[in-house]
Amino acid sequence: MKQGILTQILDYENRANPYPLYEELRRTPVYHDGEGPYVVSTYHEIKSLLHDPRLSSDARNRTASGGDPLADDEEEGALPPSFLKLDPPEHDRLRRMTNRPFGPPHSPHRIEGMRDDLRGIVKGLIDGLGNGAGGNTAGTERIDLVDQFSYPFPVTMICRLLGVPREDEARFHVWADTLAASLDPDPDADAAERAKTTHDARMELGMYLAGLIEERRKNPGDDMLSQLAAGHGPDESMSTMELLSTAALLLIAGHETTVNLITNGMLTLLRHPDVLQRLRAEPGLAVPLVEELLRFEPPVQLLPQRTPLVDMEVRGVTIPKGAPMWLVLAAGNRDPQRFENPDRFDPDRKDIQHLGLGSGIHSCFGAPLARLEAQLALSELARRLENPRLLEDPPPYRRNAVLRGPRHLMIACDGIRP
């Protein structure tokens, strides 16, 4: 294997199609070039490691980060790490409290109860596509599906979930856009100016959320932030800082992955017009289709923030305690040892035990909502867009190698059905 395989995977030139590189990577299931991270790319090994308590998600356990191009050095201000970046027991406590108002068993109807709200947002956004980004009535000739649909949809939904007042949603969108942009490398930008813009957005969002939390403690509603702020006794309550960290996680993680899932999904459907036609005729196909999308084009390509708590042996390779590790989910999802014809998009595929939402204690917290958002979005786009077609293939991608998806998806259609 050539020395520069990781450099190639991170190279923007390969963002549109990294899958041949992942195929090459799988030939060495545990890859290490003498420095930098240990990279695991085969399905069964990744699945096992995601359930292994000896593997840590807490960067503070890393003793050798030198040479890791994805080492986490993002500025988080004074916020403590979110539960995504913690191990048990702290992880379990915060995730358990966050889950209480979000889903089963304590709030079994939370996601299903959002279905009408989701449909309303999707309908409004699709209605707006015909007007174009600049109010152009011939807007169906040039639609940016990311800016006009995939991007605003999930952040609007997260605002409703948290209980952000409707009149404040526009401000929330601006902060979300700024923080999302900060996740992608930008070699052309002024680094100091970019860092200041990101810092200011974090601080403004933090201050806004702190005020909202205080308000919800005095006047609770039935939204998620009210229930998180209320707590459930001294052992089951979050500090204000933990609440802020959790709310920021729900905003950023919940938004970014869903944008990519919907956009990758529509791109894949436009490349497979027979499946698009089927979805239009059979809306129920959306359920297995989204599962196959999570395998075929996962919104999170790899998990870079892992480190062993002890020396670990994986496929005959000893990975030392404290060393950086990457788990390449997208490579595991196309492992021919696990999936037949893995490079074929097949919504009728049986047994899609994919890694697209992770697995184990850190499996995607927002999975039920992300699935429902993608199912509704893709089935409605398929139903309502007349003769949709790509204007650019491949589209321009985000620069981020971890959160992979098109930055713009330019399409045209002959009209919007009611």
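The values are calculated or read from the model by the stated rules, or taken from the named source; none is laboratory data. Since the structure is predicted, the reported quantities are computational estimates derived from the model, not experimental observations. Positions of Cβ are backbone-derived with ideal geometry, glycine not excepted, and every protein chain shown enters the neighbour counts. For the accessible areas, the whole protein counts, side chains as well, though only heavy atoms, and no ligand, DNA or RNA atoms are used. Shrake-Rupley method; radii C 1.70, N 1.55, O 1.52, S 1.80 Å.
Structure data summary
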{"read-out": "Segment 176-191 residues that are modelled with pLDDT of 80 or more, paired with ones that are among the polar types (S, T, N, Q) and open to solvent by 40 Å² or more (accessible area, probe 1.4 Å) (beta carbon under 7 Å, 6 or more apart)", "value": "Thr178/Thr197"}
{"read-out": "Top-ranked residue in segment 392-403 [being outside any strand (DSSP E or B) and within 13 Å of Val146 (Cβ to Cβ); ranked as farthest from the chain's Cα centre (by Cα)]", "value": "Glu392"}
{"read-out": "Count of segment 97-122 residues which are among the basic types (Lys, Arg) and either in contact with a strand residue (DSSP E or B) (Cβ under 9 Å, 6 or more places away or on another chain) or exposed (fewer than 14 other Cβ atoms within 10 Å of the Cβ) (or both)", "value": "2"}
{"read-out": "Residue count, segment 362-418 (criterion: open to solvent by less than 20 Å² (accessible area, probe 1.4 Å) and among the aromatic types (Phe, Trp, Tyr))", "value": "1"}
{"read-out": "Which numbered condition His354 fails, given (1) part of a loop (DSSP other than H, G, I, E, B); (2) under 20 Å from Leu251 (Cα atoms)", "value": "(2)"}
{"read-out": "Inter-residue pairs, beta-carbon under 7 Å, first at negative phi and in segment 374-390, second among the basic types (Lys, Arg) and open to solvent by 20 Å² or more (accessible area, probe 1.4 Å), 6+ apart", "value": "Leu376/Arg119; Ala382/Arg280; Arg383/Arg280; Arg383/Arg417; Arg384/Arg417; Glu386/Arg417"}
{"read-out": "Count of segment 161-196 residues which are in a helix (DSSP H, G or I), of a type in the set (A, V, I, L, M, F, W, C) and within 19 Å of the chain's Cα centre (by Cα)", "value": "9"}
{"read-out": "Residue in segment 305-321 that is within 30 Å of Ile111 (Cβ to Cβ), open to solvent by less than 70 Å² (accessible area, probe 1.4 Å) and in contact (Cβ under 8 Å) with a residue 60 or more places away in the chain present", "value": "yes"}
{"read-out": "Those helices (runs of 4 or more DSSP H) lying entirely in segment 1-80 with at least 3 residues at pLDDT below 95 and within 30 Å of Ala180 (Cβ to Cβ)", "value": "5-10"}
{"read-out": "Any chance Asn341 is open to solvent by 70 Å² or more (accessible area, probe 1.4 Å), touching a Cys at 6+ places or on another chain (Cβ under 8 Å) and either free of Cβ contacts under 8 Å to residues at least 40 places away in the same chain or closer than 22 Å to Arg27 by Cα (or both)", "value": "no"}
{"read-out": "Residue, nearest to Gly405 (Cα to Cα), within segment 279-296, restricted to residues that are open to solvent by 10 Å² or more (accessible area, probe 1.4 Å), touching a residue at least 40 places away in the same chain (Cβ under 8 Å) and not hydrophobic (A, V, I, L, M, F, W, C)", "value": "Glu291"}
{"read-out": "Residue check, Val30 in contact (Cβ under 8 Å) with a residue 40 or more places away in the chain and surrounded by 21 or more Cβ atoms within 10 Å (Cβ to Cβ)", "value": "no"}
{"read-out": "Filtered residues of segment 197-220 (kept if open to solvent by less than 40 Å² (accessible area, probe 1.4 Å) and either outside any helix (DSSP H, G or I) or hydrophobic (A, V, I, L, M, F, W, C) (or both))", "value": "Ala201, Leu205, Leu209, Ala210, Leu212, Ile213"}
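Matching residues to (1) in a helix (DSSP H, G or I); (2) at pLDDT 90 or above:
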site: Leu243; (1), (2): yes, no
site: Ala248; (1), (2): yes, no
site: Ala253; (1), (2): yes, no
site: Asn260; (1), (2): yes, yes
site: Met266; (1), (2): yes, yes
site: Arg278; (1), (2): yes, yes
site: Leu289; (1), (2): yes, yes
site: Pro298; (1), (2): no, yes
